1. On the basis of being in contact with a strand residue (DSSP E or B) (Cβ under 6 Å, 6 or more places away or on another chain) and open to solvent by less than 10 Å² (accessible area, probe 1.4 Å), does S103 make the cut?
2. Only one of these is on the phi > 0 side of the Ramachandran plot and within 16 Å of the ligand (Cβ to nearest atom): G197, G178. Name it.
3. Would you say D67 is away from the ligand (no atom under 11 Å from the Cβ), closer than 20 Å to Q22 by Cβ and of a type outside the set (G, A, S)?
4. Check segment 46-63 and report whether any residue there is under 23 Å from the mean Cα position of the chain (by Cα), of a type in the set (K, R) and more than 9 Å from the ligand (Cβ to nearest atom).
5. Here is a list: R284, R353, R266. Which entry is more than 30 Å from D51 (Cβ to Cβ), of a type in the set (K, R) and not assigned by TED's automatic domain parsing to the domain that holds H122?
6. Mind listing whichever residues of segment 132-156 are open to solvent by 10 Å² or more (accessible area, probe 1.4 Å), within 24 Å of D349 (Cβ to Cβ) and under 20 Å from the mean Cα position of the chain (by Cα)?
7. Under 7 Å between Cβ atoms, which residue pairs at least 6 apart in sequence (or on different chains) link something in segment 14-34 that is in contact (Cβ under 8 Å) with a residue 40 or more places away in the chain and in a helix (DSSP H, G or I) with a partner that is more than 7 Å from the ligand (Cβ to nearest atom) and among the basic types (K, R)?
8. Test of understanding: among R213, R166, which residue is in a loop (DSSP other than H, G, I, E, B) and within 14 Å of the ligand (Cβ to nearest atom)?
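The values are calculated or read from the model by the stated rules, or taken from the named source; none is laboratory data. The structure presented is a predicted model; accordingly, all values stated were derived computationally and were not measured. Here the Cβ is made from the backbone with ideal geometry for all residues, glycine too, and neighbour counts use every protein chain on show. Surface accessibility is based on the protein's heavy atoms, side chains included, excluding ligands, DNA and RNA. Shrake-Rupley method; radii C 1.70, N 1.55, O 1.52, S 1.80 Å.
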Amino acid sequence: MSSASQTRVRIGVVGLGGATMQLLPSIVADERVVIAGVVDADERARRDFADDFAVPAHESVEALAADPGVDVVYLATPHALHADQAVAALAQGTHVLVEKPLSLTVADCLRVVEASRASGAHVVVGHTHAFDRPVRALRDLLDVGDLGEVAMITSCNYGSFLYRPRRPEELDTRLGGGIVFNQVPHQVDLVRLLGGGLVRSVRSSAFVLDPSRPTEGSHTTFLDFEGGAAASLVYSGYDRFDTDELTGWIDENGAPRRPDHGSASRALRALPSPADEPALKAARGYQRGWTPPIADGHQHPHFGLLLVSCERADVRVGPSGLQVYDIDGMRKVPVEPVAAVPDKTAVLDDLYRAVVLHEPSAHDAAWGAATVEVCEAIVASSRERREITLAHQVPLRRPAVPVPQDPAAQGA
Ligand SMILES: NC(=O)c1ccc[n+]([C@@H]2O[C@H](COP(=O)([O-])OP(=O)(O)OC[C@H]3O[C@@H](n4cnc5c(N)ncnc54)[C@H](O)[C@@H]3O)[C@@H](O)[C@H]2O)c1
């Protein structure tokens, strides 16, 4: 796709697991995009999806990217495949939307950066919670300047991550398992978006607290930004305390829920055999006849407690919007209602801007590489018990103008 004359961005989906199931409601709710093809290693899922959406099923990423009816390849496959699959699509001039993390090493990420530069095709790395509408609203508020410079950013999230059903490699740090390459990229993206992008150094302690899940399940990390701001990140996936308690029991995807401390761990313990766990995870992938969930008290996705302290105010970001605290008291800054459940449409904003308006996303390949660099440094800092200085950080790129939801408004 080369101009705004073609209104709908045609997305080929690769990987029909949990990530796609979370993005699919936003894709089908958004007039600017349409599903145009599919690849999955699981023949049953691939066939069901292709039938339901009446799109071609392809045998490989290369074949999907070569399809003239596909503008963008959406990579929702295991992390270790992202770099090679992205490079394969970019080599054919096809744009890429790739789930976090961009890859598992900075070296691999830089291959994607180079492939994007060489082909001129765009990369958007997402979804991460930096795309959440309330977070974007705060970024816009910071840009206005009334709150002053950002000083401290606090991101704290406790939940059940480590005990949700996992593939074996998701419990092996060397293969991208544990929280550092799965959950921490959300936190790093969030604080880099709000802190300007350029992390100077990382000091972290990460913990393996359960020998039966032998990968990092929690961390506390200090990020020092070039401009002088600092961020503290805390995450625990051990299924005990849950920060949803602080958001009125609205879950990470914006859905109302009940307290259920320990239930994910108990469900795993109730399995007849640990060998049954991957099948439990696979059952959460695409199923024939899928329809999008209906909004019922849903709010925006969030990633636990997010507090930003600026020169003249503190701001708390929550699933219903922003709360600004200053000398005049507390005021609420609401954000627009959700457009899908979960609402991940801001990823599609960036995709549309990149593909149709030729405006690179702030979350491009270089940004994704910089986030992975922080994740790599978290592992190294924790193991070596020292501060790590970074070398591949990039500043935040800000969009020029807001993009309307209605493609007709583009004059297309
Ligand atoms: N943004 C988010 O909130 C979010 C949520 C979940 C997962 N993710 C990311 O999405 C990615 C996938 O995670 P998941 O939980 O969906 O995994 P998953 O195991 O649920 O799904 C992976 C899918 O990829 C398919 N697959 C595996 N190898 C393939 C290959 N060579 N070619 C084509 N298809 C192949 C599998 O059959 C499966 O359907 C990960 O990188 C993860 O970090 C992001």
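1. On the way: in contact with a strand residue (DSSP E or B) (Cβ under 6 Å, 6 or more places away or on another chain): no; open to solvent by less than 10 Å² (accessible area, probe 1.4 Å): yes.
The answer is no for S103.
2. Numbers: G197 fails: within 16 Å of the ligand (Cβ to nearest atom).
Sole residue among the options that is on the phi > 0 side of the Ramachandran plot and within 16 Å of the ligand (Cβ to nearest atom): G178.
3. Answer is no for this residue.
4. No.
5. Working: R284 fails: more than 30 Å from D51 (Cβ to Cβ); R353 fails: not assigned by TED's automatic domain parsing to the domain that holds H122.
None of the others qualify; the one that does is R266.
6. R133, R136, A137, R139, D140
7. If the second residue must be more than 7 Å from the ligand (Cβ to nearest atom) and among the basic types (K, R), the pairs left are Q22/K344; L23/K344; S26/K344.
8. Working: R213 fails: within 14 Å of the ligand (Cβ to nearest atom).
None of the others qualify; the one that does is R166.
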